[in-house]
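Asks: Let me begin by handing over the structure; questions about it come next.
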Amino acid sequence: QNKQMLAMCVNQIGKSTAGAYITACHLTGKYPEWYTGHRFTKPIYCWAAGVSNDTTRDIIQTELFGLAESEEDWGTGMVPKEDIKEFTRRRGATGNTFDSVLVQHYNEKGEPDGLSRIGFKSYEMGEEKFYGRPVDWIWMDEQPPSNIYTQCITRTVATKGYTMMTFTPEDGVTPVVHQFMHDRKPGQYLLQASWDDAPHLDEATKEQLLAQYPP
């Protein structure tokens with residue numbers, strides 16, 4: 001059973017969307033029939049973290065719940081609108097940034113059995129903000145610093161929980177990237193995908209994207 005997962009993919013391939021989808025499945029307990037991974041059978045406590053408060057709001061929060069500033073778009077993310085039960089805004093931070101959201105969870109029979117909670121964090125908060133209670137599931141979108149990654153692993157020990165990272169290795173072969181590429185341990189899983197794996201990108205788009213990146 002893989003406890004630590006990394007989807008290390010090229011830009012514009014949809015890795016954040018995939019991360020939001022599986023996180024929404026865990027929050028709600030609504031899994032597709034084809035899903036063969038771990039299934040949480042009770043409400044969970046989880047974290048989602050990005051580089052900054054702004055990117056956490058604009059990418060992670062929006063992928064999960066839709067645009068908070070728009071009544072029409074709120075509830076258009078991966079978590080169904082009817083399952084969003086309560087949220088708290090982060091005071092003194094960027095507008096429409098949530099501290100946490102409560103989500104309806106369902107058992108294997110499709111019956112409501114409690115509320116899952118997702119808390120939002122950012123790497124810019126610093127390592128100390130990743131201390132605290134045990135966590136069932138942690139999704140890190142974009143590459144985390146090694147010390148924060150270590151804290152996230154620590155938070156899942158008591159729960160026998162899971163971590164997932166979705167990022168493009170724009171910082172090169174960091175210790176985290178090196179471990180998953182060249183020194184994977186039992187329980188670690190690496191998924192890689194390139195533009196050739198993205199049927200929504202045509203050749204002209206790939207050439208334009210490639211031209212923007214240094215070797």
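Asks: Going through segment 126-165 one residue at a time, which ones are open to solvent by 50 Å² or more (accessible area, probe 1.4 Å) and hydrophobic (A, V, I, L, M, F, W, C)?
Replies: Answer for segment 126-165, where residues must be open to solvent by 50 Å² or more (accessible area, probe 1.4 Å) and hydrophobic (A, V, I, L, M, F, W, C): Val157, Ala158.
Asks: Let me ask something else about it. Being open to solvent by 30 Å² or more (accessible area, probe 1.4 Å) and part of a loop (DSSP other than H, G, I, E, B) is the filter; apply it to segment 16-38 and report the residue that is farthest from Thr166 (Cα to Cα).
Replies: Restricting to residues being open to solvent by 30 Å² or more (accessible area, probe 1.4 Å) and part of a loop (DSSP other than H, G, I, E, B), the top hit is Glu33.
Asks: Determine, yes or no, whether Glu142 is at pLDDT below 95 and over 17 Å from the mean Cα position of the chain (by Cα).
Replies: no
Asks: Quickly run through segment 47-73 and pick out the residues that are of a type in the set (A, V, I, L, M, F, W, C) and in a helix (DSSP H, G or I).
Replies: Within segment 47-73, Ile59, Ile60, Leu64, Phe65 qualify.
Asks: Here is a further query. So which of Leu190, Leu102 ends up being within 22 Å of Gly19 (Cα to Cα), open to solvent by 40 Å² or more (accessible area, probe 1.4 Å) and either in contact with an Asp or Glu (Cβ under 6 Å, 6 or more places away or on another chain) or touching a residue at least 40 places away in the same chain (Cβ under 8 Å) (or both)?
Replies: Of the residues listed, the single one that is within 22 Å of Gly19 (Cα to Cα), open to solvent by 40 Å² or more (accessible area, probe 1.4 Å) and either in contact with an Asp or Glu (Cβ under 6 Å, 6 or more places away or on another chain) or touching a residue at least 40 places away in the same chain (Cβ under 8 Å) (or both) is Leu102.
The values are calculated or read from the model by the stated rules, or taken from the named source; none is laboratory data. The structure displayed is predicted, hence computed values, not measured ones. Cβ: placed from backbone, ideal geometry, glycine included. Neighbour counts: every protein chain shown. Quick note on the areas: whole protein, heavy atoms, side chains included, nothing else; ligands and nucleic acids left out. Shrake-Rupley method; radii C 1.70, N 1.55, O 1.52, S 1.80 Å.
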